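Colleague: Before anything else, here's the structure in question.
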Amino acid sequence: MTYRVCFVCTGNICRSPMAESVFRARVAEAGLDDLVEVDSAGTGGWHEGDGADPRTVSVLEEHGYDGAHTARQFQSSWFSRLDLVIALDAGHLKTLRLLAPTPEDAEKVRLLRSYDPDAGDDLDVPDPYYGGLDGFEECLEMVEAASGGLLAEVRERAKGQVA
């Protein structure tokens, strides 16, 4: 049985594709490819069908990650097939929980930075879209910092499904 994780930001061209790429790499490094499926989406459909922002691609590839991506909009019907929905900021968290068809589905939604023990009280990954390349670098750092904790939880849950 496959454990499915979806990262969600606003337009699915900056933060969530970055988180998807980094986490997919962590899953592969951990040898969990056959147990865990990783994807991403946006709360809105403005960029549906577009690739990731060129700055996202640049930063990902510079750090050895895959930059290939096609944006799409998150659909409420996906909750039934997803095990974990990872929001990149509190606005996404609220939107996704409102979209959830059941209370159980709403419980699947978590903030990415809640998996970073050093994150402190501010669990939002800031939107780098309107800034410079340094914002994308900062975004990558936050995503990488949270990926270890998320991987630990997903590994436990995915292996629990197989057992």
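Colleague: On the given criteria, is L111 within 18 Å of C9 (Cβ to Cβ) and over 14 Å from the mean Cα position of the chain (by Cα)?
Modeller: no
Colleague: L151: open to solvent by less than 50 Å² (accessible area, probe 1.4 Å) and modelled with pLDDT of 95 or more, yes or no?
Modeller: Details: open to solvent by less than 50 Å² (accessible area, probe 1.4 Å): yes; modelled with pLDDT of 95 or more: yes.
It is true that L151 is open to solvent by less than 50 Å² (accessible area, probe 1.4 Å) and modelled with pLDDT of 95 or more.
Colleague: For the subset of the stretch 108-130 comprising residues that are more than 20 Å from F23 (Cβ to Cβ) and not hydroxyl-bearing (S, T, Y), which member is least open to solvent (accessible area, probe 1.4 Å)?
Modeller: Applying the filter and picking the extreme gives G120.
Colleague: Consider A71 carefully, then state whether it is of a type outside the set (D, E), touching a His at 6+ places or on another chain (Cβ under 7 Å) and either modelled with pLDDT of 95 or more or surrounded by fewer than 21 Cβ atoms within 10 Å (Cβ to Cβ) (or both).
Modeller: In short, yes.
Colleague: Further question: Which of the residues spanning the stretch 45-68 are open to solvent by 60 Å² or more (accessible area, probe 1.4 Å) and within 23 Å of A152 (Cα to Cα)? Write out each step before concluding.
Modeller: Residues of the stretch 45-68 that are open to solvent by 60 Å² or more (accessible area, probe 1.4 Å), as a first pass: 46, 48, 50, 54-55, 61-64, 66, 68.
Answer for the stretch 45-68, where residues must be open to solvent by 60 Å² or more (accessible area, probe 1.4 Å) and within 23 Å of A152 (Cα to Cα): H63, G64, D66.
Colleague: Looking only at the stretch 75-107, how many residues end up being open to solvent by 80 Å² or more (accessible area, probe 1.4 Å) and either touching a strand residue (DSSP E or B) at 6+ places or on another chain (Cβ under 8 Å) or assigned to a loop (DSSP other than H, G, I, E, B) (or both)?
Modeller: 4
Colleague: How many residues, within the stretch 1-35, are open to solvent by 10 Å² or more (accessible area, probe 1.4 Å) and of a type in the set (A, V, I, L, M)?
Modeller: 6
Colleague: State whether the residues of the stretch 34-44 include one that is modelled with pLDDT of 95 or more, part of a loop (DSSP other than H, G, I, E, B) and under 15 Å from S147 (Cβ atoms).
Modeller: No: the stretch 34-44 contains no residue that is modelled with pLDDT of 95 or more, part of a loop (DSSP other than H, G, I, E, B) and under 15 Å from S147 (Cβ atoms).
The values are calculated or read from the model by the stated rules, or taken from the named source; none is laboratory data. All values reported here derive from a predicted model rather than from experimental measurement. When we count neighbours, we look across all protein chains shown, and the Cβ atoms used for this are built from the backbone with ideal geometry, even at glycine. Surface areas here come from the heavy atoms of the whole protein model, side chains and all, with no ligands, DNA or RNA. Shrake-Rupley method; radii C 1.70, N 1.55, O 1.52, S 1.80 Å.
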